[in-house]
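Below is one structure, written out as C-alpha cells, with a few remarks after it.
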Amino acid sequence: MKKFVSTIVCVLLLSSIFASACSNEMASPSSNQVTLRFATWDTGESLKYEQEIAKLFEQKNPHVKVQVESYAEGYDDKIAASFGTKNPPDVMYMWNYPTYYQSLLPMDDLLAKDTAAKSITEDFYENIFNYHKFEGSSYGLPVGFVTRVIYYNKKLFDEAGLPYPTEGWTWDDFRSAAKQLSNPAKKQYGFVLKQKDNSYAFQEFVWSNGGNFISPDGKKLEGFMNSQETKEAISLFSDLIKDGSAIVVESDRYTESFKSGKIAMIENGIWPLEGFKEAGLDFGTVELPAFPGKPVKGVIHSAGVSIAKDTKQLELAWEFVKFFVSTEGAKIRKGDMPALKSVAKETKVAEDPLRKPFYSMLEKGDEVPAFLLHAKWNEIDKNLDYAISSVLLGKDQADHALDKAVKISNQFVETK
C-alpha cells in the first residue's frame, strides 16, 4: 500500500513538473516581448491611423508591443521633459529639429547601410526630405506633407460676376478680386487673415517677392527680415485690410470665418478641406498668385518620425520607422498628403481638382524655411510674429515693425 501511494505521489509530482514546464514554454513568447514606445501629437482620427499602423507592425513582429503615446497639445513640454530625464520614447513625431536635434539619432549612417531604406528615400519628394535635415544631417523621415493654397468661394465669385482664379494669376489680380468681392456693410470680405501665428506661412509670400527672413547661411537678419522685398510682402496684406478688402480675425476663428460664406478667399493647407465640404461650401483651390516677373514659391509643412539618441531598442526602432513611412503605412494614414511619389501616383490624389494645386505648390517649395537655418529661431520668431501681427492689426508700419524685430533679434544671431 505504501509503495502504491509512493508511486502515485511520484506520478503526481512528475505531472506537476511537466505541466509547469509546458506552462513556462507556452508563456515564453510574452515573457520575451519587447515594448517599443512611440510618441505622437495626434489625437482623434489621425491617432487611430497611427494605432492601426502600430497593430500591423505588431502582427509582423509578434515579439513586439508598440506603446502609442498621444501627448496632444502638451507634446513639446512632454518630449522636452523626457529628454531631460533620459527617458524619451524610442520613436517620436518631430518637426522642430533645431530644438531637439542633440537628443535625436542622426539617420545618415542607417540610411547609407540599409538597401530597403534607400528604396524608400528615393521615393520621397526630394524637397520634402530636405525639411528633415539640420546642419547637413537627417534626423527624421517624412510622414507626409502639406503645402498651402488659396481657397475661394465660387458662389461669391459668381455673384460678383468674376471669373475664378487660375494658375498663373498675379497679386494684382488678387487685389482687384478682393476689392470687388468685399462689402463691409454686409460683413463680406475678399480675404481673411489671422491676428497672430502668421510668420511661418508668410515666408512663401516673402520668398515669392524675392526676399527671405534670414540669410541662406543663417547668420544675418539685417537686410533680409527687414529688406524691401519683405516689407512689400507684409504691406500687401495691411493695405488690403486698410481699404476694406480683407479682415483680421482671432486665430481660432480663422477657418470658421470662411465657412460662414462671407469670406471670398482664404490661404491655408489641406487640413480644413473636408470641413469646408461638410459645411456645404461650393469652393475651389488655386496656387498662390505671383509678383511681377518673379516665380511663385511655396512653404511646406511636414511631420517626420525620429529616433531618440538614448533608445535602447535602436534596431527595432529603425525597423518601425521604415515601416511607418513605407507605402504600407502611407496608405493607412489620412489627413495629409503622401510624401511618397509612388503612393501619390497609385491613389491619384494629385489628379483631384481640389488637391492638385497642393502638388503644384510642392514643386515650388524649394526654399529652406528659416527655422532650419538657425538653432535659436524660436526666439527670433517671437519677435517676427509680433511684428507681423502689429502690422496686420494697424498698430505699426512694416518699415518700423520689421526694423525693430531685427534690432531685438540680432542678439540671437550674434551668439550663434
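The values are calculated or read from the model by the stated rules, or taken from the named source; none is laboratory data. Computed from a predicted structure; not experimentally measured. Note that each Cβ is placed from the backbone with ideal geometry, even for glycine, and that neighbours are counted across all protein chains shown. What goes into the accessible areas is simple: the full protein's heavy atoms, side chains included, and nothing from ligands, DNA or RNA. Shrake-Rupley method; radii C 1.70, N 1.55, O 1.52, S 1.80 Å.
Taken together, the residues in region 361-371 that are surrounded by fewer than 19 Cβ atoms within 10 Å (Cβ to Cβ) and assigned to a helix (DSSP H, G or I) amount to 1.
Filtered by the rule that a residue be among the basic types (Lys, Arg) and in a helix (DSSP H, G or I), region 387-416 gives Lys404, Lys407. Looking at the structure I just gave you, is Asp197 farther than 26 Å from Glu274 by Cα, surrounded by fewer than 16 Cβ atoms within 10 Å (Cβ to Cβ) and in contact (Cβ under 8 Å) with a residue 40 or more places away in the chain? Answer is no for this residue. All of Val321, Val343, Val286 fail the test of being closer than 19 Å to Pro142 by Cβ, open to solvent by less than 10 Å² (accessible area, probe 1.4 Å) and modelled with pLDDT of 95 or more, apart from Val321. Pairs meeting the criteria (first residue in region 395-416 and under 13 Å from Lys219 (Cβ atoms) and of a type outside the set (Ser, Thr, Tyr), second residue modelled with pLDDT of 95 or more and crowded, with 16+ Cβ neighbours inside 10 Å, beta carbons under 6 Å, at least 6 apart or on different chains) are Phe412/Ile380; Val413/Leu221.
Does region 69-89 contain at least one residue that is aliphatic (A, V, I, L, M), in contact (Cβ under 8 Å) with a residue 60 or more places away in the chain, over 19 Å from Lys334 (Cα atoms) and crowded, with 17+ Cβ neighbours inside 10 Å? No, region 69-89 contains no residue that is aliphatic (A, V, I, L, M), in contact (Cβ under 8 Å) with a residue 60 or more places away in the chain, over 19 Å from Lys334 (Cα atoms) and crowded, with 17+ Cβ neighbours inside 10 Å. A Cβ distance below 6 Å, combined with a sequence gap of six or more or placement on separate chains, defines the contacts here; from region 103-119, residues that are modelled with pLDDT of 95 or more reach residues that are of a type in the set (Ser, Thr, Tyr) and in a loop (DSSP other than H, G, I, E, B) in the pairs Leu104/Tyr139. For Leu354, the conditions (1) modelled with pLDDT of 95 or more; (2) in contact with a helix residue (DSSP H, G or I) (Cβ under 7 Å, 6 or more places away or on another chain); (3) of a type outside the set (Val, Ile, Thr); (4) buried (at least 19 other Cβ atoms within 10 Å of the Cβ) all hold with the exception of (4). Taking first residues from region 32-46 that are within 14 Å of Lys78 (Cα to Cα) and partners that are among the polar types (S, T, N, Q) and in a strand (DSSP E or B), the Cβ contacts under 7 Å between residues at least 6 apart in sequence or on separate chains come to Arg37/Gln67; Phe38/Gln67; Thr40/Ser70; Asp42/Ser70.
Pick from Phe237, Phe191: which is buried (at least 17 other Cβ atoms within 10 Å of the Cβ) and in a strand (DSSP E or B)?
Values: Phe237 fails: in a strand (DSSP E or B).
Among Phe237, Phe191, only Phe191 is buried (at least 17 other Cβ atoms within 10 Å of the Cβ) and in a strand (DSSP E or B).
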